[in-house]
Amino acid sequence: MKKDSYFSRRANTYQMKSCRPPWSLLRSAESKAIDRAMGDAAQKSILELGCGAGYHSKRYIEMAPRKLVAIDISKEMVNQIKDPRIECIVGDAATIKLPEKFDLILSAGLLEFVKNVEDIFKNAREHALRQGKLVLLLPKPNIMGRIYQLYHKNNNVKVHLHNLE
């Protein structure tokens, strides 16, 4: 089963489910860590690679960025983002080409679903301003990462666990 079809089928309820326990507890902890890493987003340009249904884009648009662009390979996921302040694009994070560069690039929950993370890094670098920042969120190869991996394996979706190296 293709990853994009798996997430596309779940798009209509994905955001709602992610805001309910127990997932909401994990999302809260992740959001705090992401916020620390991103820093002040006010008047900054933000690119979210692998935005899904827009959980983080919807949070960051409330922080008054100059611009926020959200990209996901699943059209159904992108269609869940209804905020006109967010520029939504259906595309592949590894190959999409945009005419601008960004202060902040966020990728939360994408890298574990791709085989070649180097392509994502290269493309993110192409879209980062000279002093830009890339913030990543991905599961570690520990017990929680293995549980996450098993959950997705039950849905025929392969999850890659990566070390920081």
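The values are calculated or read from the model by the stated rules, or taken from the named source; none is laboratory data. Values in this document were obtained by computation on a predicted structure and should not be read as measured data. When we count neighbours, we look across all protein chains shown, and the Cβ atoms used for this are built from the backbone with ideal geometry, even at glycine. For the accessible areas, the whole protein counts, side chains as well, though only heavy atoms, and no ligand, DNA or RNA atoms are used. Shrake-Rupley method; radii C 1.70, N 1.55, O 1.52, S 1.80 Å.
Summary table below
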read-out	value
Residue in segment 68-77 that is of a type in the set (D, E, K, R), open to solvent by 70 Å² or more (accessible area, probe 1.4 Å) and free of Cβ contacts under 8 Å to residues at least 12 places away in the same chain present	no
Residue that is surrounded by the most Cβ atoms within 10 Å (Cβ to Cβ), among those in segment 87-115 that are among the small types (Gly, Ala, Ser) and assigned to a loop (DSSP other than H, G, I, E, B)	Ala93
Residues being open to solvent by less than 40 Å² (accessible area, probe 1.4 Å), in contact (Cβ under 8 Å) with a residue 40 or more places away in the chain and outside any helix (DSSP H, G or I) - total across segment 14-53	10
Cβ-Cβ under 9 Å pairs, at least 6 apart or on other chains, segment 78-107 side among the hydroxyl-bearing types (Ser, Thr, Tyr) and modelled with pLDDT of 95 or more, far side open to solvent by 30 Å² or more (accessible area, probe 1.4 Å) and outside any strand (DSSP E or B)	Thr95/Asp119; Ser107/Leu138
Close pairs (7 angstrom Cβ cut-off, 6 or more residues apart or separate chains): under 25 Å from Phe102 (Cα atoms) and open to solvent by less than 50 Å² (accessible area, probe 1.4 Å) in segment 124-150, charged (D, E, K, R) and not in a helix (DSSP H, G or I) anywhere	His127/Lys101; Ala128/Lys101; Gly132/Lys101; Gly132/Asp103
